[in-house]
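First comes the structure, then the notes that go with it.
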Amino acid sequence: MGGTIANLFCLAFLASAVLEGIHCQPNKDWLPGHATFYGATQNPTTLGGACGYDNTFHAGFGLNTAALSSALFRGGEACGACFQVACDARSDPRWCVPRAKVTVTATNFCPPNNNGGWCDPPHRHFDMSLPAFSRIALVGSEGIVPILYRSTNGDLIRVACKRSGGVRFTLKGKGNFNLVMIANVGGSGDVKAAWIKTARGGVWKAMRRNWGVNWQSDSDLRNQSLSFRIALMDGQSLEFADVVPPTWRSGQTYASREQF
């Protein structure tokens, strides 16, 4: 009886309790990890990193971005995913900002050093941009803080990516080798699968992930309009009909009107 009441208390007050560092074991929404910050002297808009974004503003993500450790990066599948992060004030009251939280987009990979570093497996680590880190923690000599985080889990969207405007497609390559960078994706943000349809072909052809958010097609796409279909990790899917005109050129970005 007492345990049941305690569990109900935790569930009812999870949102406030977790930010104070109270751990409600029956609820798996929030998971423990650690965070550092990077790019204190760099322009954060240029830190596209391992996901392949050329510019975080161009991609639609702004300044609230993070590089993920191997346990979270999933070989690039997490690129574009949104994570809500809160500093664990109970574990570190000195450096954490109480009740503060920030939603970051995964845009980079924090590589392991295989020498016990924070980005080594199995650590769940966020190397956050300085603007994002300073939302939840004081920037002092400690440099690392314990955090609690949550994100999409399967088909359950615990944290939705809120984007301005539609999904964006940037074309790269030429001839029979083409890469399409898919950015500014709402919903869970992380693309699971992508298909392309040309005006002349008329059928959906599966694309394959080349690296990060760059998807590859070996079809000749020249001089024809292009349509895309995208499936996200959370189970949502959406079609973007004729989003790219037949006059497209490599390096150009085309924004759709549709969004998850």
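The values are calculated or read from the model by the stated rules, or taken from the named source; none is laboratory data. Source: prediction; values computed, not measured. In this analysis, Cβ positions are derived from the backbone assuming ideal geometry, glycine residues included, and neighbour counts consider all displayed protein chains. Just so you know, the surface numbers come from the protein's heavy atoms only, side chains and all, with ligands and any DNA or RNA stripped out. Shrake-Rupley method; radii C 1.70, N 1.55, O 1.52, S 1.80 Å.
Values computed for the structure shown
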read-out: Filtered residues of the range 125-146 (kept if surrounded by 18 or more Cβ atoms within 10 Å (Cβ to Cβ) and either touching a His at 6+ places or on another chain (Cβ under 7 Å) or among the aliphatic types (A, V, I, L, M) (or both)); value: 125, 128, 132, 136, 137, 145, 146
read-out: For residue 170: the one exception among (1) out of contact with any Ser or Thr (no Cβ under 6 Å at 6 or more places or on another chain); (2) closer than 18 Å to residue 258 by Cα; value: (1)
read-out: Residue in the range 101-124 that is closer than 30 Å to residue 240 by Cβ, of a type in the set (S, T, N, Q) and open to solvent by 10 Å² or more (accessible area, probe 1.4 Å) present; value: yes
read-out: The range 60-77 residues that are modelled with pLDDT of 90 or more, paired with ones that are assigned to a helix (DSSP H, G or I) (beta carbon under 6 Å, 6 or more apart); value: 64/132
read-out: Residue check for residue 56: at pLDDT 90 or above and not in a helix (DSSP H, G or I); value: no
read-out: Residue match in the range 29-45 (condition: in a helix (DSSP H, G or I) and either open to solvent by 40 Å² or more (accessible area, probe 1.4 Å) or modelled with pLDDT under 55 (or both)); value: yes
read-out: Cross-chain or 6+ apart pairs with Cβ under 6 Å, the range 201-229 first and surrounded by 14 or more Cβ atoms within 10 Å (Cβ to Cβ), then among the acidic types (Asp, Glu); value: 225/242; 227/242; 229/239
read-out: Some residue of the range 156-175 being more than 17 Å from residue 107 (Cβ to Cβ), buried (at least 22 other Cβ atoms within 10 Å of the Cβ) and touching a residue at least 12 places away in the same chain (Cβ under 8 Å); value: yes
read-out: Pairs with Cβ under 9 Å, 6+ apart, first in the range 236-248 and under 21 Å from residue 206 (Cβ atoms) and among the charged types (D, E, K, R), second open to solvent by 60 Å² or more (accessible area, probe 1.4 Å) and at pLDDT below 95; value: 242/199
read-out: Filter result (outside any loop (DSSP other than H, G, I, E, B), under 17 Å from the mean Cα position of the chain (by Cα) and under 16 Å from residue 178 (Cα atoms)) within the range 211-250; value: 211, 214, 215
